[in-house]
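Here is the structure we will look at.
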Amino acid sequence: MAADLSGSNVPTSRLSDNELRYRHLYESIPNGVIHQAADGSIVSANPAAERILGVSLAQMQGVTSMDPRWSMEDDQGNPVDGADHPAMIALRTGQPVGPVIRSVSNLETDRRIWLRVTAIPYFPDNDETQNPEVYAYFEDVSEAHESRSVFEAELERRRQYLETILRTSADGFLVIGSDGRISMSNQAATDIIGYTEEELRTFCIHDIDVLQTPDIVAEYMETLKARRRLSFESQLRRKDGSIIDVEISASYADSGGGAFVSFFRDISSRKLAERHIRNLVDEKETLLREMRHRVRNNMSTISSLLSLQLHSVQDETARAILNDTMSRMNSLQILFDELHTTNTPTAAPLAAYVKRLVEHTVQLFSYGTRVRVTYSLDDCEYGVKLLSAVGLIVSELTTNAMKYAFRENTDPRLILSGSLNKDGYVLTVADNGSGMSATEPHPDSTGIGMNIIHALSEQIGATIRFEEDHGVRAVLTIPPP
């Protein structure tokens, strides 16, 4: 029989150099080693085994693994019968056992510890006809096992959270494989679509999604691999054949050969409301177009009636009144046209409006073709209320110039300029007539034209002043847009 290197009862002088090395290794390694005889009784143990188990060799010798003090539990916390201890199995079968995780008590501290145990049968003199002895090797893995237990407990807690979220979520949940097959769903998905979870697992997503084909599903998968998330709208066919609108949020998952998980919600009511709103907007646009058409026709009718009346009246005073009225009507009609040729019918460019207005006003007079009009206008947009007032003011100023400034002028000129600064928009209407002294109405006069100019200027918070310099210059300062 080979010498027992584990016992201190063997004199050192009788050991060879190799045996001394093995004894040193046996006594210094951090893992526990226990040598058990063929009957299971403990013959020897190294210092690490004494430390780990909290018991001395003298207390262990002659004790078998069946002793109640060595009560073991497996890694699930279930008791292990003494006959099923790794060392006893190795003795019984003659085969190595382990490594396995087992829990025992440290007899010194009474603390439960976790061991990774391996039992190796040993046949003295290499005679396998004899009953084997056994060496049990074990490592204290309590710290790693506790960390693992904490980690597993945290995983379980999160799993329960996720399970609760999926179970109580009002949104449907589907897991879809790379081949488009549905592998998992939650209760909300079955409620929304009408199929049971078992029925859904027999489908590919394109079987119930009326807007998707296998090619589109494959395209989604490739996009998700790159972008990791997609949100889009689609339509699902329910079990009863009805179609519902859904909003889908899908994410790519690497596990299981590639798949994507998706949450979806029924937005049929919202889409129905959106369609209803679009119909209302379309109806409103139709009514507005009809209203604009009628207003434009009415304005044209009034202008035509005024023009007919003008040609039938011989009295110069009456003709002048009708002409002024037509000019004012034209300013409103031009503003209406300008507002409804822009993208924002509540505002329009000032420069374009003033230019069209002046051109129409000048053409109302028989000698209008002789008047040279020049423009130098910065552009900006104003609202309809201010533009209508500015239009009437410019119409009155242009009409006054045409009526009084150019009667005896062989080279009549009208100059309009406008610039935007920090104080507002400065609009100037100037002529090269004879001035206000004899012909044109004085700024302080009480004529209807001047009253309109001053009243409208005050109404929109503008100021106006008149200057004489080889004609009359009216300077209107409008508040900034």
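Key figures for this structure:
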| quantity | calculated |
| --- | --- |
| Subset of the stretch 111-158 (residues that are surrounded by fewer than 19 Cβ atoms within 10 Å (Cβ to Cβ), among the acidic types (Asp, Glu) and under 26 Å from residue 89 (Cα atoms)) | 125, 127, 128, 139 |
| Given (1) of a type outside the set (Gly, Ala, Ser); (2) more than 20 Å from residue 360 (Cβ to Cβ); (3) crowded, with 16+ Cβ neighbours inside 10 Å; (4) at pLDDT below 85, number of the condition residue 452 does not satisfy | (2) |
| Number of the exception - residue 163 against (1) of a type in the set (D, E, K, R); (2) surrounded by 14 or more Cβ atoms within 10 Å (Cβ to Cβ); (3) within 19 Å of residue 251 (Cβ to Cβ) | (2) |
| Set 52, 101, 34, 42: member being β-branched (Val, Ile, Thr) and free of Cβ contacts under 8 Å to residues at least 40 places away in the same chain | 42 |
| Among residues of the stretch 212-227, those that are under 16 Å from residue 248 (Cβ atoms) and surrounded by 13 or more Cβ atoms within 10 Å (Cβ to Cβ), counted | 7 |
| Any strands (runs of 3 or more DSSP E) falling wholly within the stretch 1-97 and containing at least 2 residues that are closer than 19 Å to residue 113 by Cα and either at pLDDT 80 or above or touching a helix residue (DSSP H, G or I) at 6+ places or on another chain (Cβ under 7 Å) (or both) | 32-36, 72-74 |
| Hits in the stretch 192-211 (condition: surrounded by 19 or more Cβ atoms within 10 Å (Cβ to Cβ), of a type in the set (Val, Ile, Thr) and either farther than 17 Å from residue 166 by Cβ or not assigned by TED's automatic domain parsing to the domain that holds residue 259 (or both)) | 205, 208 |
| Filtered residues of the stretch 202-222 (kept if free of Cβ contacts under 8 Å to residues at least 24 places away in the same chain and touching a strand residue (DSSP E or B) at 6+ places or on another chain (Cβ under 6 Å)) | 203 |
| Subset tally (residues that are out of contact with any Ser or Thr (no Cβ under 7 Å at 6 or more places or on another chain) and aliphatic (A, V, I, L, M)) for the stretch 225-249 | 3 |
| Qualifying residue in the stretch 184-191 (condition: of a type in the set (Gly, Ala, Ser) and surrounded by fewer than 16 Cβ atoms within 10 Å (Cβ to Cβ)) | no |
| Residues within the stretch 70-97 that are under 57 Å from the mean Cα position of the chain (by Cα) and under 15 Å from residue 34 (Cα atoms), tallied | 1 |
| Checking residue 314 against (1) assigned to a helix (DSSP H, G or I); (2) within 24 Å of residue 448 (Cβ to Cβ); (3) at pLDDT 70 or above, the condition it does not meet | (1) |
| Any hit, the stretch 197-205, residues being over 30 Å from residue 91 (Cβ atoms) and of a type in the set (Lys, Arg) | yes |
| Contacts under 6 angstrom Cβ, first residue in the stretch 461-473 being surrounded by fewer than 16 Cβ atoms within 10 Å (Cβ to Cβ), partner among the β-branched types (Val, Ile, Thr), 6 or more apart | 463/477; 465/475 |
| Residue match in the stretch 386-402 (condition: at pLDDT 90 or above and either over 26 Å from residue 329 (Cβ atoms) or surrounded by fewer than 21 Cβ atoms within 10 Å (Cβ to Cβ) (or both)) | no |
| Matching entry among 223, 202, 164, 190 (being assigned to a loop (DSSP other than H, G, I, E, B) and either more than 23 Å from the chain's Cα centre (by Cα) or of a type outside the set (Gly, Ala, Ser) (or both)) | 202 |
| Check on residue 124, in the same structural domain as residue 25 (by TED's automatic domain parsing) and under 25 Å from residue 149 (Cα atoms) | no |
| The stretch 20-69, residues that are of a type in the set (S, T, N, Q), surrounded by fewer than 18 Cβ atoms within 10 Å (Cβ to Cβ), more than 15 Å from residue 82 (Cβ to Cβ) and over 60 Å from the mean Cα position of the chain (by Cα) | 28, 56, 59, 61 |
| The stretch 98-112, subset of a type outside the set (Lys, Arg) and under 15 Å from residue 55 (Cβ atoms), residue modelled with the highest pLDDT | 104 |
| Every residue from the stretch 233-248 that is touching a helix residue (DSSP H, G or I) at 6+ places or on another chain (Cβ under 6 Å) and assigned to a strand (DSSP E or B) | 236, 237, 244, 245 |
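To keep it simple, each residue is scored yes or no on (1) assigned to a helix (DSSP H, G or I); (2) under 18 Å from the mean Cα position of the chain (by Cα); (3) at negative phi; (4) modelled with pLDDT of 90 or more.
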residue	(1), (2), (3), (4)
216	yes, no, yes, no
231	no, yes, yes, no
250	no, yes, yes, no
256	yes, no, no, no
261	no, yes, yes, no
275	yes, no, yes, no
278	yes, no, yes, no
283	yes, no, yes, no
288	yes, no, yes, no
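The values are calculated or read from the model by the stated rules, or taken from the named source; none is laboratory data. Values in this document were obtained by computation on a predicted structure and should not be read as measured data. Virtual Cβ from ideal backbone geometry, glycine too; neighbours counted across all protein chains shown.
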